Amino acid sequence: MTGISIRYRAALALARALAWASRHLLHRGGNVIGGAVMLRLAGGGIAAKARRHRITIVTGTNGKSTTTAMITAALRVRGAVDTNADGSNTSHGLAWCVATAKAHEIVLEVDESWLPWAVDTFGPAAAVLLNLTRDQLHRRPEIQPMAAAWRTALQAVPCAVAVAEDPAVVWAAYGARRTEFASTGDGWTSDTVLCPQCGEVLHDRREVWACNCGLTMPAATVEIRDQRIVVDGQDLGIYERLPGHVNVVNAAVALAATRDQVEPTRALAAIAEQVGDVAGRYRDVTVEGRRTRLLLAKNPAGWQAVLGMLREGASILLVFSAEGVDGRDTTWLYDVSFEGLRGRPTAVAGQRGTDLAVRLHLDGIDVGDLHRSVRSALMALPEGEVDVVATYASFQTVRRELHVA
């Protein structure tokens, strides 16, 4: 036993004890404190352990939690897979997942900003790149610097799997030694006016985009045609387990990421069977006659996608905050069209509910009184189906108030 292994095992024992205390005595998550201890006391050991696993990292502004769950489900057709299912996707949570992993295969959801660190620390076999859009403005007001950081980091990655419709993601993916693309049929285009390679205006951002400098939309091995997923020309049918086109996209990307390891038909069947909700997202819960479904939206692209998932005839509860990871700026609400909510029973709650109510008023939507709690807002809506849409910090409040694990 080397000195490094002794140090590593001692650090892991201390980290496990502190993680246990955090969960059971302080009633908080333990993964972050556990990972912090490991990085502080045995960071080199974490990197060495990572090299004994096959690691896939999944990143993007939206959809990474769901896609991570789908890739994990697909790979479990072959055997055990470890993943950071709790969503701890920065350095401490990632380190804890790797430190405690027992399976050879690991799938990690990684925050966009932490991709370079994750590549450098873990040496992943593959990186899955979903999208790049403006997120909370205090963190990422522009996407080009993020795309450039990805492209540089990916030079050390054997394979990148990316969405073909996003020029910034495609350009970044070409930093990897090998690329694989999924064509999704459409996408958020408000952040893709200029070519990420040369800065000129792109041609046709909605169909087959291209630039005079030579950067063009690549051919894809996985495609979505009329909501049907096609892999290498084989029609696998329609994916319907989770709502919305965005989740068809997530499933298609998951198949592109796993097609070399798992037969696509088996992979899609495993995804449909195993991924019913993701950390509370898409969860159904009945509260005093209201059959609620929980949806998460964090930024303009995410809100636009979620608003397209709303059930016909359902009432709508929007819970909005601007605190913590959500940031303080709310001006991005004006990049979202809420016109589809006109005429539907709609209520608003949350720490910055007033900001959202003003935005809805400008689109001709009356929400009545604002509510201090999620439950009171829910009770103000008619019995029956209710779709609850919340920003990240508010989503956790919704889960606590409605007792959703």
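The table below lists the values:
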| quantity | calculated |
| --- | --- |
| Virtual paramagnetic centre 7 Å along Cα→Cβ of residue 193, amide N under 14 Å, in region 212-254 | none |
| Percent antiparallel among DSSP beta bridges (both partners in the chain, rounded to 5) | 30 |
| Dipole of the chain, positive end: most advanced residue of 332, 258, 169 [Cβ charges, Cα centre] | 258 |
| R0 of 22 Å, Cβ-Cβ distance residue 219-residue 186: FRET efficiency to nearest 0.05 | 0.80 |
| Potential lengthening between residue 354 and residue 104 on full extension [0.36 nm per residue; Cα-Cα distance subtracted] | 85.1 nm |
| Positive-pole candidate from 48, 80, 5, dipole of the chain, charges at beta carbon | 5 |
| Test item: Cα-centred dipole of region 184-338, Lys/Arg +1 and Asp/Glu -1 on Cβ, debye | 420 |
| Farthest toward positive dipole pole in region 276-374 [+1 Lys/Arg, -1 Asp/Glu at C-beta], among 357, 292, 304 | 292 |
| Relative contact order of region 252-405, defined on C-alpha pairs under 8 angstrom at six or more residues apart (%) | 30 |
| Computed label-point distance, nm, for sites residue 200 and residue 335 using a 7 Å Cα→Cβ extension | 2.6 |
| Computed accessible area, residue 245, all protein chains, 1.4 angstrom probe, square angstrom | 50 |
| Protection-proxy order for peptides 327-337, 308-318, each taking the mean of Cβ atoms within 10 Å per residue, highest first | 308-318, 327-337 |
| Carbon and sulfur %, accessible surface of the chain computed with the full protein complex present, 1.4 Å | 50 |
| Straight-distance crosslink candidates among lysines, where the alpha carbon sits under 24 Å from residue 298 and sequence neighbours closer than 8 are dropped | 64 |
| Percent of Cα pairs exceeding the 16 Å cut-off, where the set is region 70-148 | 56 |
| Dipole moment magnitude, nearest 20 debye, the chain about Cα centre, only Lys, Arg, Asp, Glu C-beta charged | 1820 |
| Long-range tail of P(r) for the chain (Cα pairs > 41 Å, %) | 14 |
| Whole-angstrom gap from region 375-396 to region 318-374, using each part's C-alpha centre | 12 |
| Globularity index of region 273-405, i.e. its alpha-carbon radius of gyration over 2.2 N^0.38 Å | 0.96 |
| Partners for residue 49 among lysines (Cα-Cα distance below 16 Å; same-chain residues under 8 apart left out) | 102 |
| Solvent-accessible area of residue 109 with every protein chain in place, 1.4 Å probe, in Å² to the nearest 10 | 10 |
| Global geometry of region 150-201, whether rounded, prolate or oblate, following the gyration tensor of its Cα atoms and the 1.5 cut on a/c | oblate |
| Ranked order, 325, 119 - accessible area, probe 1.4 Å, largest first | 325, 119 |
| Other-chain or far-sequence residues with amide H under 5 Å of residue 133's (modelled H) | 61 |
| For region 48-90: rounded, prolate or oblate by the Cα gyration tensor [a/c cutoff 1.5] | oblate |
| In sequence order, calculated HN-Hα J values of region 361-374 (Karplus, 6.51, -1.76, 1.60; Hz; x Gly/Pro) | 4, 5, 9, x, 10, 9, 10, x, 6, 7, 10, 6, 10, 5 |
| Accessible area of the chain divided out per residue, in Å², using a probe of 1.4 angstrom | 43 |
| Two-site FRET efficiency, residue 5 against residue 372, from Cβ-Cβ distance with R₀ of 41 Å, rounded to 0.05 | 0.15 |
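The values are calculated or read from the model by the stated rules, or taken from the named source; none is laboratory data. Because the structure is a prediction, the values reported are computed rather than measured. When we count neighbours, we look across all protein chains shown, and the Cβ atoms used for this are built from the backbone with ideal geometry, even at glycine. Areas reflect the complete protein model, heavy atoms only, side chains present, ligands, DNA and RNA absent. Shrake-Rupley method; radii C 1.70, N 1.55, O 1.52, S 1.80 Å.
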